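J.: Take a look at this one; I'll ask things after.
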Amino acid sequence: MKVFIDGKFYPERAAKISVFDHGLLYGDGVFEGIRAYHGRVFKLKEHLDRLFCSAKALLLDIPMTHAQLTRAVVETCRVNRVRNGYVRLLVTRGVGTLGLNPNRCQRPSVIIIAGSIQLYPPELYERGMEIVTVPTTRNLHSAVNPAIKSLNYLNNILAKIEANIAGVEEAVMLNAEGYVAECTGDNLFIVKNGELQTPPLSAGALYGITRATVMDLAREAGIKVTEPNLTRYDLFNAEECFLTGTGAEIVPVVKVDGRVIGSGRPGDLTRMLTERYHALTRVSGEPIF
Ligand code: PXG
């Protein structure tokens, strides 16, 4: 594997950054997780737009343009012969001193890794997943805004650990008001009266690119989509429930906090949207070869 660091490709073993990089010392930086399908980078423009928005919120100047990053991501897939895979793009604050002041950092670093990802076993997509609500709430907008895809993922990691302790793969995170926000690395949807519902971004969800894609696909199929505040009660009484994310794609959920959702099997609307999502990945994206 060859890793892109600041304009050059390095063999995996030589792909290293300084221990004085504030990305490591403080989690000061931003990232994107992107997928390639069938020789195309899926939704690359949307991922780069979100990367620039995350960086802007942190006053982090990305030392490359949108067009340069597009070329670099495609090139990283090409040199690694990744046609179906996963791209991790990071921008760190760069090398600084042992104090948290970012003004002491010389220049942000851009790192691009192209490899593969399999978050959950394939059977889980057939049978459906069990999830639980966890004690750790989603970050407040007034603290670290949950819209920022920063290198500091401890809020989500704590929730993931709590899910693991409960013996399940994924956690439902509520916000400080008790409304459903999202899961640790995925957005959450339910089906109610045949309509699709997902928490509003103001509830503390990431502006998920898979979320937006699924909402578009549902509307194209004539399904109404709304973004109301949701409580745990709404999840328990949903007809269907599923999660969306670049890594996870679309995961059916069949149990929440011990309550069986709908029939206890992946629902029809979930299956239909999954098929449409995979069909879209076959025809859309930035060509690699
Ligand atoms: N919420 C959070 C907190 C995320 O980190 C999503 C929602 C889904 O957003 P997208 O834009 O991907 O639909 C994410 C993204 C991983 C991994 O390694 C996690 C994500 C994406 C790719 C890989 O666990 N999370």
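J.: To the nearest 500 deg cm²/dmol, what mean residue ellipticity at 222 nm is calculated for the chain from DSSP H runs of n ≥ 4 alone, each contributing -39,500 (n - 2.57), summed and divided by the residues?
T.: Details: 8 runs with 84 residues, N = 289.
My calculation for the chain gives -8500 deg cm²/dmol from helical runs alone.
J.: Of the peptides 63-73, 188-198, how do they stack up when ordered by the mean number of other Cβ atoms within 10 Å, highest first? Spell out each step's value before the answer.
T.: Details: 63-73: 15.2, 188-198: 19.6.
The densest-packed peptide leads the list: 188-198, 63-73.
J.: Give me the percent of the accessible area of region 107-243 that comes from carbon and sulfur atoms, probe 1.4 Å, all protein chains in place. Mind dumping the intermediate values first?
T.: Values: 3120 of 5950 Å².
Reported share for carbon and sulfur atoms: 52 percent.
J.: Moving to a separate point now. Please give the helix 209-220 orientation as an angle from the longest Cα principal axis of the chain, in degrees from 0 to 90, rounded to the nearest 10.
T.: Once rounded, the angle reads 40 degrees.
J.: Applying 1/(1 + (r/R0)^6) with R0 = 45 Å to the Cβ-Cβ distance of His38 and Asn101, what FRET efficiency is obtained, to the nearest 0.05? Present the calculation step by step, with values, prior to reporting the outcome.
T.: Details: r = 45 Å, r/R0 = 1.01.
Here the calculated transfer efficiency is 0.50.
J.: Based on the Cα coordinates of region 54-122, what is the per residue volume of their convex hull in Å³?
T.: Values: hull volume 9.3 nm³, N = 69.
Each residue corresponds to 135 Å³ of Cα convex hull volume.
J.: On a 23 Å Cα-Cα criterion, which of the cross-link pairs Lys45/Lys255; Lys56/Lys149; Lys45/Lys149; Lys45/Lys192 come out too long? Provide the component values of the computation, followed by the final result.
T.: Values: Lys45/Lys255 35 Å; Lys56/Lys149 11 Å; Lys45/Lys149 16 Å; Lys45/Lys192 32 Å.
Over 23 Å apart, Cα to Cα: Lys45/Lys255; Lys45/Lys192.
J.: For helix 154-165, what angle does its Cα long axis make with the longest principal axis of the chain, in degrees from 0 to 90 and rounded to 10?
T.: 50 degrees
J.: Using only the Cα atoms of the chain, what semi-axes does the equivalent ellipsoid have when each is the square root of 5 times a gyration tensor eigenvalue? Give whole Å, largest first. Walk me through the numbers on the way to the answer.
T.: Numbers: eigenvalues 213, 104, 53 Å².
Semi-axes, largest first: 33, 23, 16 Å.
J.: Can you tally the net charge around Phe52? Count Lys and Arg as +1, Asp and Glu as -1, for every other residue whose Cβ sits under 15 Å from the Cβ of Phe52. Don't skip to the end; give the middle numbers.
T.: Details: positive: Lys43, Lys45, Arg50, Lys56, Lys149; negative: Glu32, Glu46, Asp49, Asp61.
Local charge sum for Phe52: +1.
J.: Would you please give the FRET efficiency between Thr226 and Ala67, computed as 1/(1 + (r/R0)^6) with r the Cβ-Cβ distance and R0 = 41 Å, to the nearest 0.05? Show your work: numbers first, answer last.
T.: Working: r = 36 Å, r/R0 = 0.89.
Approximately 0.70, to the nearest 0.05.
J.: With both bridge residues required to lie in region 110-256, what share of the DSSP beta bridges run antiparallel, to the nearest 5%?
T.: Details: 16 of 24 bridges.
Given both bridge residues lie in region 110-256, the antiparallel proportion sits at roughly 65 percent.
J.: What FRET efficiency, computed as 1/(1 + (r/R0)^6) with R0 = 41 Å and r the Cβ-Cβ distance, is obtained for Ser202 and Ser18, rounded to the nearest 0.05?
T.: Numbers: r = 38 Å, r/R0 = 0.93.
After rounding, the FRET efficiency stands at 0.60.
The values are calculated or read from the model by the stated rules, or taken from the named source; none is laboratory data. Bear in mind that the values here come from a model prediction, so they are computed numbers and not experimental data. Every residue, glycine as well, gets a Cβ built from its backbone with ideal geometry; the counts of neighbours run over all protein chains shown. These accessible areas exclude ligands, DNA and RNA; they are computed on the full protein's heavy atoms, side chains included. Shrake-Rupley method; radii C 1.70, N 1.55, O 1.52, S 1.80 Å.
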